[in-house]
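Since every read-out is calculated from the coordinates, none of them should be taken as a lab result. Quantities reported herein were computed from a predicted structural model and do not represent experimental measurements. So basically every Cβ, Gly included, is an ideal-geometry build from the backbone, and we count neighbours across all protein chains shown.
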């Protein structure tokens, strides 16, 4: 990918990241203040409840970590002028900056968490048949 394409990608990536940050912050506030946390499902082993809480917490931690490392990349690399179209500005090699490692690792973790989370939801729906998806969606 050439520098112009990378800058174009980042012009899309950064606003999406800001929206994700705002939605995540809103979700955390909602979760702490207003969410009616349902009781565990009847017959669910305690270890499954702990894993479920851990996965949800991991989502928030990884998302916030990715935002922090992304901000760190922008600040340390001085990429903003190149990303936002300043004439003659050159896009840096982000691999040279330490926040690149946690940012890339966070991306892999998010994908892994999403796969695990979706797999668990499908297990509950189609193997255990405990109507977990309906409970999540409709609060029932």
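For residue 102, the conditions (1) farther than 30 Å from residue 129 by Cβ; (2) surrounded by fewer than 16 Cβ atoms within 10 Å (Cβ to Cβ) all hold with the exception of (2). Restricting attention to the stretch 79-90, the residues that are within 25 Å of residue 102 (Cβ to Cβ) and loosely packed, with under 13 Cβ neighbours inside 10 Å total 2.
Every condition in (1) surrounded by 15 or more Cβ atoms within 10 Å (Cβ to Cβ); (2) under 21 Å from residue 18 (Cα atoms) is met by residue 120 except one, and the failing one is (2). Name the residue, out of 68, 58, that is surrounded by fewer than 16 Cβ atoms within 10 Å (Cβ to Cβ) and free of Cβ contacts under 8 Å to residues at least 60 places away in the same chain. Residue meeting the stated conditions: 68.
Here residue 78 passes the criteria (1) out of contact with any helix residue (DSSP H, G or I) (no Cβ under 8 Å at 6 or more places or on another chain); (2) without any contact (Cβ under 8 Å) to a residue 12 or more places away in the chain except the one numbered (2). For the stretch 20-51, the set of residues classified as under 15 Å from residue 136 (Cβ atoms) and in contact with a helix residue (DSSP H, G or I) (Cβ under 7 Å, 6 or more places away or on another chain) consists of 38, 40, 41, listed by residue number. If the condition is being in a helix (DSSP H, G or I) and surrounded by 10 or more Cβ atoms within 10 Å (Cβ to Cβ), then the stretch 39-51 contributes 48, 49, 50, 51.
Scan the stretch 80-97 and give yes if some residue there is within 22 Å of the chain's Cα centre (by Cα) and in a loop (DSSP other than H, G, I, E, B), otherwise no. Yes, there is a match, as at least one residue in the stretch 80-97 is within 22 Å of the chain's Cα centre (by Cα) and in a loop (DSSP other than H, G, I, E, B).
Residues in the stretch 23-38 that are surrounded by fewer than 11 Cβ atoms within 10 Å (Cβ to Cβ) and closer than 16 Å to residue 64 by Cβ were compared, and the one that is nearest to the chain's Cα centre (by Cα) is 26.
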